[in-house]
Amino acid sequence: MFGVDAGLLSRQYKLHLSNFLDWKEEKYNSEFMLFKQNLGTHLSIDETSLSQGELYTIVTNKAAKGKNGSLVAIIRGVKSENVIFALSRLPENKRKMVQEMTLDLSPTMKLISKKCFPNASLVCDRFHVQRLMNEAVNDLRISYRWEAIDLENAEIQLGKEIGQRYIPHVFPNGDTRRQLLARSRHIVLKNSAKWTNSQTQRAEILFEQYPEIKKAYDVSIELAQIYNLKIKKEIALTKFAHWYNKVDKLNCKFFKSVIQTMQNNYRDIINYFDNRSTNASAESFNAKIKAFRSQFRGVRDIPFFIFRLAKLFA
């Protein structure tokens, strides 16, 4: 519109207007960057990829709400020793003032948080817990789908042997058994209140044909309902205990790892009911990084990318 070459303007900004070269010479550290002025009492920790699967650990301040002042630390890699070494260089008195850390179910992030922020209460993100359960329900659906594929192939082969054309059974909504299971992915991953009319019809058929999927879906929804209750930790602990028993009675291999993971982290999971804190701020920050990255169709110059992140969020 203004007759300005985009590539030329980009180079001029990088090399002259932005002070990037001075910043790189004076402040840039390829292993980690810390912004101690942004430390607060409530932090989030998560990992993200900047370029070609290269992971970075990012600590953010919840109080900044994803705006300027939110970036506390960006550290190359997720190895606990390296991240602990970097975060330990933040002032000890400020690290001890941190009251709460939200994180995912990663034992590495848990170790880092305990070592670097000893007085912080750790809160496992509810959405990671729910996603783990949803994935188990989806894995159950997939296992039935493979059985349906094997059955269909066997029937096709039998038809060839006896010289008859194979005609699959079609349910009232027009799905074959194989299609029913393949098209039910979004049904088992979201609440029934969000189903469309066609999805409701498909769900009725699915649950009638596969009652085990119905039972698994019901307990996954019950988990979300427990999280939605505004209750104290003690009551939540009791409700989780009853929920564990229901899941255990299903006797499904896909849920054993879910229950074990939750029991190993139950203290940090229950801490959610203190302030109902989640790791949404960290996930939102990651989404901003990905959107920023997509504007440049990938990251070619990592130092310059981190420089711009620091300008915007630190």
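The values are calculated or read from the model by the stated rules, or taken from the named source; none is laboratory data. All values derive from a computational prediction rather than experimental measurement. As a convention, Cβ positions derive from the backbone with ideal geometry for all residues, glycine included, and neighbour counts pool all protein chains shown. Heavy atoms of the whole protein, side chains included, go into the accessibility calculation; ligands, DNA and RNA do not. Shrake-Rupley method; radii C 1.70, N 1.55, O 1.52, S 1.80 Å.
Out of all the residues in region 40-47, is one or more hydrophobic (A, V, I, L, M, F, W, C), modelled with pLDDT under 95 and under 23 Å from PHE304 (Cα atoms)?
Yes: one or more hits.
May I ask you to verify whether ASN197 is open to solvent by 50 Å² or more (accessible area, probe 1.4 Å), closer than 28 Å to ALA120 by Cα and without any contact (Cβ under 8 Å) to a residue 12 or more places away in the chain?
Working: open to solvent by 50 Å² or more (accessible area, probe 1.4 Å): yes; closer than 28 Å to ALA120 by Cα: no; without any contact (Cβ under 8 Å) to a residue 12 or more places away in the chain: yes.
Judged against the criteria, ASN197 is not a match.
Could you go through region 136-157 and let me know if any residue there is open to solvent by less than 40 Å² (accessible area, probe 1.4 Å) and under 21 Å from ILE270 (Cβ atoms).
Within region 136-157, one or more residues are open to solvent by less than 40 Å² (accessible area, probe 1.4 Å) and under 21 Å from ILE270 (Cβ atoms).
Exactly one condition in (1) touching a Lys or Arg at 6+ places or on another chain (Cβ under 8 Å); (2) under 30 Å from LYS24 (Cβ atoms) is not met by ARG276; state its number.
If we test ARG276 against (1) touching a Lys or Arg at 6+ places or on another chain (Cβ under 8 Å); (2) under 30 Å from LYS24 (Cβ atoms), just (2) comes out false.
Can you find a residue in region 123-133 that is touching an Asp or Glu at 6+ places or on another chain (Cβ under 6 Å), more than 30 Å from PHE85 (Cα to Cα), open to solvent by 40 Å² or more (accessible area, probe 1.4 Å) and touching a residue at least 24 places away in the same chain (Cβ under 8 Å)?
No, region 123-133 has no match at all.
Yes/no matrix, rows are residues, columns are (1) more than 17 Å from the chain's Cα centre (by Cα); (2) buried (at least 18 other Cβ atoms within 10 Å of the Cβ):
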{"residue": "SER44", "(1), (2)": "no, yes"}
{"residue": "THR60", "(1), (2)": "no, yes"}
{"residue": "ILE75", "(1), (2)": "yes, yes"}
{"residue": "MET97", "(1), (2)": "yes, no"}
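Sort out which residues of region 14-38 are open to solvent by less than 80 Å² (accessible area, probe 1.4 Å), in a helix (DSSP H, G or I) and at pLDDT below 85, and write them in order of number.
LYS14, PHE20, TRP23
Mind checking whether some residue in region 23-33 is closer than 30 Å to GLN99 by Cβ and out of contact with any strand residue (DSSP E or B) (no Cβ under 6 Å at 6 or more places or on another chain)?
Yes, region 23-33 contains at least one residue that is closer than 30 Å to GLN99 by Cβ and out of contact with any strand residue (DSSP E or B) (no Cβ under 6 Å at 6 or more places or on another chain).
Conditions tested, residue by residue: (1) under 16 Å from VAL78 (Cα atoms); (2) among the hydrophobic types (A, V, I, L, M, F, W, C).
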{"site": "LEU15", "(1), (2)": "no, yes"}
{"site": "LEU34", "(1), (2)": "yes, yes"}
{"site": "SER51", "(1), (2)": "yes, no"}
{"site": "VAL59", "(1), (2)": "yes, yes"}
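Please enumerate the residues belonging to region 74-105 that are more than 23 Å from ARG267 (Cα to Cα), in contact (Cβ under 8 Å) with a residue 40 or more places away in the chain and out of contact with any strand residue (DSSP E or B) (no Cβ under 8 Å at 6 or more places or on another chain).
Answer for region 74-105, where residues must be more than 23 Å from ARG267 (Cα to Cα), in contact (Cβ under 8 Å) with a residue 40 or more places away in the chain and out of contact with any strand residue (DSSP E or B) (no Cβ under 8 Å at 6 or more places or on another chain): PRO91, LYS94.
From the set of residues in region 99-113 that are open to solvent by less than 50 Å² (accessible area, probe 1.4 Å) and not hydroxyl-bearing (Ser, Thr, Tyr), which is farthest from THR261 (Cα to Cα)?
It comes out as GLU100.
Scan region 176-194 for residues that are open to solvent by less than 50 Å² (accessible area, probe 1.4 Å) and either in contact (Cβ under 8 Å) with a residue 40 or more places away in the chain or in contact with a helix residue (DSSP H, G or I) (Cβ under 7 Å, 6 or more places away or on another chain) (or both) and jot them down.
The answer is LEU180, LEU181, ALA182, SER184, ILE187, VAL188.
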